[in-house]
Amino acid sequence: MNLFLTAGALVLATTLLVLVFYRLSFRDRCPDCKHAHAIERVPRPIVVRTLLFYLPTQYFVCYSCMKRFLRIK
Ligand SMILES: [Zn+2]
């Protein structure tokens, strides 16, 4: 039971850390400059792929401000 709680907390902490480090967005546009026309889907970083394999995430790059962000479908 205690081990289960520890594992859960660890998973939650990693998820939050990754989501804070890679900008998170729920919409189809850049969270920084709000442009929707200049984004393109790119392969996810290996960190995101391994740590957030259970989340349906998509990784985008915004060519307007050259920033990358993560989107949860
Ligand atoms: Zn942008």
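Pull up the stretch 37-53, narrow it to residues that are surrounded by 12 or more Cβ atoms within 10 Å (Cβ to Cβ) and within 14 Å of the ligand (Cβ to nearest atom), then point me to the one that is farthest from the chain's Cα centre (by Cα).
Ranking the candidates gives ALA38 first.
Quick check on my filter: what residues within the stretch 54-73 are more than 13 Å from the ligand (Cβ to nearest atom) and aromatic (Phe, Trp, Tyr)?
Residues satisfying the conditions are TYR54, TYR59.
Looking only at the stretch 14-36, count every residue that is more than 15 Å from the ligand (Cβ to nearest atom) and either free of Cβ contacts under 8 Å to residues at least 24 places away in the same chain or open to solvent by 40 Å² or more (accessible area, probe 1.4 Å) (or both) and tell me the total.
Final tally of qualifying residues: 6.
Yes/no matrix, rows are residues, columns are (1) charged (D, E, K, R); (2) over 13 Å from the mean Cα position of the chain (by Cα):
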site: LEU3; (1), (2): no, yes
site: LEU16; (1), (2): no, no
site: SER25; (1), (2): no, no
site: ARG68; (1), (2): yes, no
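The values are calculated or read from the model by the stated rules, or taken from the named source; none is laboratory data. Because the structure is predicted, anything quoted here is derived from the model rather than measured. Backbone-built Cβ (ideal geometry, glycine too); neighbour counts: all protein chains shown. Please note that ligands, DNA and RNA were not included when accessible areas were found on the heavy atoms of the full protein model with its side chains. Shrake-Rupley method; radii C 1.70, N 1.55, O 1.52, S 1.80 Å.
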